[in-house]
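The values are calculated or read from the model by the stated rules, or taken from the named source; none is laboratory data. The structure displayed is predicted, hence computed values, not measured ones. A quick note on method: Cβ atoms are made from the backbone with ideal geometry, for glycine too, and the neighbour counts reach across all protein chains shown.
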Ligand code: NDP
């Protein structure tokens, strides 16, 4: 009788999860690199993240991407953390050993994903004035890689000011030369920034963030971590004021490529997929 070898199982876990492009992305990376795997979208009940992960591991699961709202719970589940994940307090990539009860490794590839996408678009961070909108898991994940590029200054603005203040305090030691400050979303100073990143979860909604027009100057870039078939409200707000605007689809592809590397030790070429996704959204 022929030996039956089960497919290596991977997936993305979240709630909701139906919209996720990750299964498509990881299957494309697998085909490109000649790896055979199964990658599915897994809907976990809001109160059932840990149980869903345990069941996945029992069924041979070797790795999970984690999305809203479970990144902090994924962090708490890990036995070993990368520096990025430890700093962020949030995990978007879980790596499981063969033994379903063995230690779990956690990484956070969101920051690398953002930096690689900015580089792809020819956007540099060094010496730039940066406004980061939001102080949730995504903002936490990208802050250290952004600060490592030595921007001229970085202001975190959040609906609840205290969350932004806590975030800037947590990361202050990383940027001794970069003024790192925090304010409420409705108290952003009317002065120009070079790069404005929307890391709030308002991306795909109709919410208009309370931003003064003066934050935009002739060469400002606005970047929304959200992505959809159409430019987001935030992107359209920036474009209407003369800014160059990008969505987070490239970040999604790049963070996925980094997760793929963590699981398989291979770095896929992201360019064909970027092209494909931008023409099929
Ligand atoms: P979190 O739930 O952790 O954080 C949400 C943030 O949005 C908080 O700062 C919250 O502010 C703010 N917020 C929520 N509602 C409003 C509102 N009505 N007005 C103003 N601010 C609001 O989410 P994440 O940080 O995990 O994700 C943020 C976004 O980034 C999501 O859209 C996610 O899809 C996207 N993302 C994209 C990635 C990519 O690869 N492209 C990767 C990771 C995330 P407060 O603290 O005051 O509640």
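Starting from residues that are closer than 17 Å to residue 209 by Cα and in a helix (DSSP H, G or I), keep the ones in the range 139-162 and report whichever is nearest to the ligand (Cβ to nearest atom).
139
If only one of 30, 85, 74 is more than 29 Å from residue 229 (Cβ to Cβ) and either in the same structural domain as residue 167 (by TED's automatic domain parsing) or modelled with pLDDT of 95 or more (or both), which one is it?
Of 30, 85, 74, the one residue that is more than 29 Å from residue 229 (Cβ to Cβ) and either in the same structural domain as residue 167 (by TED's automatic domain parsing) or modelled with pLDDT of 95 or more (or both) is 85.
Tell me, which strands (runs of 3 or more DSSP E) wholly within the range 34-127 include 3 or more residues that are more than 13 Å from the ligand (Cβ to nearest atom)? If you could, list the steps in order and put the result at the bottom.
Numbers: elements: 37-43, 61-66, 93-95, 105-107.
Result: 37-43, 61-66, 105-107.
Looking at (1) modelled with pLDDT under 95; (2) more than 25 Å from residue 83 (Cα to Cα); (3) touching a helix residue (DSSP H, G or I) at 6+ places or on another chain (Cβ under 7 Å), which is the one condition that is false for residue 202?
Result: residue 202 fails condition (3) only.
Residue-by-condition table, conditions (1) surrounded by 20 or more Cβ atoms within 10 Å (Cβ to Cβ); (2) without any contact (Cβ under 8 Å) to a residue 24 or more places away in the chain; (3) within 21 Å of the chain's Cα centre (by Cα); (4) at negative phi:
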{"site": "173", "(1), (2), (3), (4)": "no, yes, no, yes"}
{"site": "176", "(1), (2), (3), (4)": "no, yes, no, yes"}
{"site": "198", "(1), (2), (3), (4)": "yes, no, yes, yes"}
{"site": "204", "(1), (2), (3), (4)": "no, no, yes, yes"}
{"site": "229", "(1), (2), (3), (4)": "no, no, yes, yes"}
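Given (1) in contact (Cβ under 8 Å) with a residue 12 or more places away in the chain; (2) out of contact with any strand residue (DSSP E or B) (no Cβ under 8 Å at 6 or more places or on another chain); (3) farther than 27 Å from residue 132 by Cβ, where does residue 7 come up short, assuming only one miss?
(2)
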